[in-house]
Amino acid sequence: MAQIESSSSKKTQTKLVMMGLSQAGKSTIYSVALGGKKPTEVAEYDATLEYVRNVRQLASENLVVFDVGGQENFLDKFTGEMAEVVFSEVDVLIYVIDASKLERLPRSKFYFDKAVQQLQKFSPNGKIYVFVHKIDMIPPENLPQVNELVDSYFFSNVPIKVKKFFTSIYDDSLFTALGEIFSTFIKKRGLVQQLIEQFITHEQAVRVAIYSTEGIPLYDAGRSNAEIKKFDKQLLLSAQELFKKLEGSSMFTATFMIGSQHFIIFLPIITSSFLSVTVQKNRSLQQTLEVVYRLRNQLQSQLKD
Ligand SMILES: Nc1nc2c(ncn2[C@@H]2O[C@H](COP(=O)(O)OP(=O)(O)O)[C@@H](O)[C@H]2O)c(=O)[nH]1
Ligand SMILES: [Mg+2]
């Protein structure tokens, strides 16, 4: 049984509520994007009972995620007599729609409207996002149709601004969406962003990014084209595996070429995140390693509390 959250007066954490009908993909989204599971490891999960409260550190934030059970009797309860518990002090509500089961859209919309209403009542500053999820199951040519249907049906009569993302656990879309959402409330964003931008200017780096260990992009500065980002992400995936075995402070580096230009990516770990630094290959490796380590240490003290 879930416990009732005690409402302390001082806010030291960020509260995220995930809601949506049963089987929409909420628990999977949590495990893949925040719980460090691979999509293949979460194939079969029990339907969430009542709700699950997960706490984790993300950059310097304490993130509390409520994964609310999607069965209708729970949804009735959460948008009804238990609404205050669920919807108080909410920073972000992510409402998940299953794009492969659009016949459930009316049901989903019914609870979405209730959730919006309760959020406005108990957390008027809370932000709402809708994930049109499992888009890997939609043939690309049908996407415009799905989009239109969701817009006309789901977003009609919504009294506040809601941002929509198309997501899937099988590609980068989920991480990109969460990165955009989290970057709006990460507190130390200003300082960290400043540090990485200064680094770009002083060291002529191409790009500096910080990812959560699961791969959510939290900070980003510099020039980054799609190719660099893609390479960065691939490297991150291998690094995640490697760091599990190596633990600690090893540095992962790789070189790659785009056209005739050489690039090096450095990937050290900082607290619970990865730092990725991309430079052009015009300085010695040793020189670059030193400045990357220095940046890592500076960020380390910023990103722990
Ligand atoms: N094809 C596809 N299936 C997904 C995706 N995300 C979750 N699922 C599957 O959807 C089913 C329900 O997921 P679950 O997280 O238990 O839903 P919940 O009831 O909303 O918590 C599971 O079989 C997942 O493997 C996705 O992006 N694409
Ligand atoms: Mg669940």
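The values are calculated or read from the model by the stated rules, or taken from the named source; none is laboratory data. In this text the structure is predicted, and so the values were computed from the model without any measurement. In this analysis, Cβ positions are derived from the backbone assuming ideal geometry, glycine residues included, and neighbour counts consider all displayed protein chains.
Count, please, the residues in the stretch 13-30 that happen to be more than 12 Å from Asp98 (Cα to Cα), free of Cβ contacts under 8 Å to residues at least 60 places away in the same chain and within 11 Å of ligand 2 (Cβ to nearest atom).
Adding up the residues that qualify gives 2.
Assess whether Val65 counts as being at pLDDT 95 or above and among the hydrophobic types (A, V, I, L, M, F, W, C).
On the way: at pLDDT 95 or above: no; among the hydrophobic types (A, V, I, L, M, F, W, C): yes.
So Val65 fails the test.
Please determine whether any residue of the stretch 162-180 is within 16 Å of ligand 2 (Cβ to nearest atom), in contact with a strand residue (DSSP E or B) (Cβ under 9 Å, 6 or more places away or on another chain) and hydroxyl-bearing (Ser, Thr, Tyr). Reasoning before the result, please.
So in the stretch 162-180, the residues within 16 Å of ligand 2 (Cβ to nearest atom) come out as 167, 169, 174.
Among the residues that remain, those that are also in contact with a strand residue (DSSP E or B) (Cβ under 9 Å, 6 or more places away or on another chain) are: 167, 169, 174.
Remaining after also requiring hydroxyl-bearing (Ser, Thr, Tyr): 167.
Looking for residues that are within 16 Å of ligand 2 (Cβ to nearest atom), in contact with a strand residue (DSSP E or B) (Cβ under 9 Å, 6 or more places away or on another chain) and hydroxyl-bearing (Ser, Thr, Tyr), one finds at least one in the stretch 162-180, hence yes.
Looking for whichever is part of a helix (DSSP H, G or I) and either in contact (Cβ under 8 Å) with a residue 60 or more places away in the chain or among the acidic types (Asp, Glu) (or both) here; the options are Val86, Val146. Which one fits? Step through it out loud before you land on a result.
Details: Val146 fails: either in contact (Cβ under 8 Å) with a residue 60 or more places away in the chain or among the acidic types (Asp, Glu) (or both).
So the residue among Val86, Val146 that is part of a helix (DSSP H, G or I) and either in contact (Cβ under 8 Å) with a residue 60 or more places away in the chain or among the acidic types (Asp, Glu) (or both) is Val86.
For the stretch 157-175, name all the residues that are among the hydroxyl-bearing types (Ser, Thr, Tyr), assigned to a loop (DSSP other than H, G, I, E, B) and surrounded by 18 or more Cβ atoms within 10 Å (Cβ to Cβ).
Our first condition is that a residue be among the hydroxyl-bearing types (Ser, Thr, Tyr); within the stretch 157-175, this holds for 167-168, 170, 173.
Narrowing the set further to residues that are assigned to a loop (DSSP other than H, G, I, E, B) leaves 168, 170.
Ser168 - this is the single residue of the stretch 157-175 that is among the hydroxyl-bearing types (Ser, Thr, Tyr), assigned to a loop (DSSP other than H, G, I, E, B) and surrounded by 18 or more Cβ atoms within 10 Å (Cβ to Cβ).
Being of a type in the set (A, V, I, L, M) and surrounded by fewer than 18 Cβ atoms within 10 Å (Cβ to Cβ): is that true of Leu178 here? Before you say what the answer is, go through the steps one by one.
Values: of a type in the set (A, V, I, L, M): yes; surrounded by fewer than 18 Cβ atoms within 10 Å (Cβ to Cβ): no.
Answer is no for this residue.
Of all residues in the stretch 11-29, count the ones that are assigned to a loop (DSSP other than H, G, I, E, B), within 6 Å of ligand 1 (Cβ to nearest atom) and surrounded by 22 or more Cβ atoms within 10 Å (Cβ to Cβ).
First, pick out the residues of the stretch 11-29 that are assigned to a loop (DSSP other than H, G, I, E, B): 11-13, 20-25.
Subsequent filtering for residues that are within 6 Å of ligand 1 (Cβ to nearest atom) retains 20, 22-25.
Now restrict to residues that are surrounded by 22 or more Cβ atoms within 10 Å (Cβ to Cβ): 20, 24-25.
The number of residues fulfilling the criteria is 3.
Does Ile196 satisfy the criteria of being in contact with a Leu (Cβ under 9 Å, 6 or more places away or on another chain), in a helix (DSSP H, G or I) and farther than 25 Å from Thr28 by Cα? Before you say what the answer is, go through the steps one by one.
Values: in contact with a Leu (Cβ under 9 Å, 6 or more places away or on another chain): yes; in a helix (DSSP H, G or I): yes; farther than 25 Å from Thr28 by Cα: yes.
Yes, satisfied.
For residues that are in a helix (DSSP H, G or I) and touching a Lys or Arg at 6+ places or on another chain (Cβ under 9 Å), scanning just the stretch 200-235, find the one that is surrounded by the most Cβ atoms within 10 Å (Cβ to Cβ).
Step one: list which residues in the stretch 200-235 are in a helix (DSSP H, G or I), which gives 200-203, 226-235.
Now restrict to residues that are touching a Lys or Arg at 6+ places or on another chain (Cβ under 9 Å): 200, 203, 228-229, 232.
Numbers: Ile200: 19, Glu203: 18, Ile228: 20, Lys229: 18, Asp232: 26.
Here the answer is Asp232.
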